[in-house]
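The values are calculated or read from the model by the stated rules, or taken from the named source; none is laboratory data. Computed from a predicted model, the values in this text were never measured in an experiment. Backbone-built Cβ (ideal geometry, glycine too); neighbour counts: all protein chains shown. In case anyone asks, the SASA skips ligands and DNA or RNA and just uses the protein heavy atoms, side chains included. Shrake-Rupley method; radii C 1.70, N 1.55, O 1.52, S 1.80 Å.
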Amino acid sequence: MVVAQSVACSRCGGPVEFEPGELFATCKYCGFTTVIETGEPFSFEHSLLLNKYDEPGIDDLVKAWMASGFLKPADLARKSKILEKSLIYLPFWVISVEARTAYKGVFERISPPIVKEGTLEKEYNWLVLAREASEFPTREYDVPLEGKIPYDFRRIERFAKILNSEIGRDEALELAKQQIEADHRFLLQKDVDRIIDLKLELNMKQIVYLHAPAWFIKYDYKGSSFQIIVDGATGAVLKGDIPSSKFGIF
Ligand SMILES: [Zn+2]
């Protein structure tokens, strides 16, 4: 068990707890975010997505998920038992950016092969989870940004856990850049078979620090436990472990 340390909140002076490795910490008394290393106020826009589900609502949603879809054991909804449900507000950096890649590559599907040049342009709200280790499926998560409000601690349930950021803005930008480049390389596969040269330029529109609600659910099915992650803002199942067919009807 790690013992939490604390800094004084840069707005209300209250104790703000943090754990080793965390860079910013949000005050549970006033909702203000402080940079741990310097004790200075956090200077970026901090937003919040609201959770729309209570515990019974999550139970209903999980049962409905279990009862639908033909890949699941027929008795999944009936034989499962929810063991744990926790609502966690996860920290993200949302990087709104125009990305432009100039590329040169060889198209080898015809003979003789030809060299192709072009540009690929896309706009993104690229999401970087601000935690070092997590099983959260960031790429599956279509963050419902329309619903975001300025961070307001009074809108967060008392039983919820709020995670602080372990990844700073610059590191998040670097990660986003690498991931966007990988995305562009993937997209370019339909135009060129081999990339000779590639240059990515990013035009940064906005960077927002965001806390978003996710329900982490553990359920038991015939003595084994499985995990489901539900987006608390939309109810979408982001990750749902399904017992393998050895449990099934086959
Ligand atoms: Zn405070």
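Near the amide H of Ala130, within less than 5 Å, lie the amide hydrogens of Phe92, Trp93, all on another chain or at least 5 residues away, with H placed in the peptide plane. Pairs with C-alpha atoms separated by more than 30 Å, drawn from the list Lys28/Lys148; Lys85/Lys222; Lys122/Lys218; Lys79/Lys239, are Lys122/Lys218. Farthest towards the positive end of the charge dipole of the chain, among the residues Leu23, Val115, Leu83, is the Cα of Leu83, using unit charges on the Cβ of Lys, Arg, Asp and Glu. Heavy-atom accessible area, probed at 1.4 angstrom with all protein chains present, ranks Leu163, Leu188 as Leu163, Leu188, highest first. Remark: the stretch 77-93, residue by residue, has Karplus-estimated 3J(HN,Hα) of 5, 6, 9, 8, 9, 6, 9, 8, 9, 10, 9, 10, 8, 8, x, 10, 9 Hz, where x stands for each Gly or Pro and the curve is 6.51 cos²θ - 1.76 cosθ + 1.60 at θ = phi - 60°. Dividing the Cα radius of gyration of the chain by its Kirkwood radius returns 1.06 for Rg/Rh. When the square roots of the Cα gyration tensor eigenvalues are ordered a ≥ b ≥ c, the ratio a/c for the stretch 195-235 is 1.5 or more and a/b does not exceed b/c, which makes its shape oblate. Applying the criteria of a DSSP loop state and at most 15 other Cβ atoms within 10 Å to the chymotrypsin sites (Phe, Trp or Tyr not before Pro) of the stretch 1-67 yields Tyr29, Phe44. Scaling the Cα radius of gyration of the stretch 132-208 by the globular reference 2.2 N^0.38 Å produces a ratio of 1.50.
Here the accessible area is traced with a 1.4 Å probe on the protein chains. For the stretch 1-109, carbon and sulfur cover 54 percent of it. Loop-located chymotrypsin sites (Phe, Trp or Tyr not before Pro) across the stretch 149-219 with a Cβ neighbour count of 11 or fewer within 10 Å are Phe159, with loop assigned by DSSP.
The convex hull around the C-alpha trace of the stretch 102-167, projected and averaged over every direction, spans 8.3 square nanometres.
Note on the chain: GNM, Cα springs under 10 Å; of Ile156, Ile196, Ile58, the largest mean-square fluctuation is that of Ile196.
Summed over all non-identical Cα pairs, the Kirkwood treatment of the stretch 1-113 gives a radius of 19.6 Å. Shape analysis of the stretch 103-250 places it in the oblate category; the axes a ≥ b ≥ c from the Cα gyration tensor give an a/c of at least 1.5, with a/b not above b/c. Taking a ≥ b ≥ c as the square roots of the Cα gyration tensor eigenvalues, with a/c under 1.5 meaning rounded and otherwise prolate when a/b beats b/c, else oblate, which class fits the stretch 1-63? Since a/c reaches 1.5 and a/b is larger than b/c, the shape of the stretch 1-63 is classed as prolate. Semi-axes of the equivalent ellipsoid for the stretch 51-98, computed as √(5λ) from the eigenvalues of its C-alpha gyration tensor and ordered from largest down, come to 29, 16, 9 Å. The loop-placed GluC sites (Glu not before Pro) in the stretch 3-64, going by DSSP, that have at most 12 neighbouring Cβ atoms within 10 Å of their Cβ come out as Glu37.
Between the C-alpha center of the stretch 184-222 and that of the stretch 1-50 there is a gap of 28 Å. Amide H contacts of Lys239: Ile229, each under 5 Å away and 5 or more positions distant or on a separate chain (H built 1.01 Å from N in the peptide plane; Pro and chain starts excluded).
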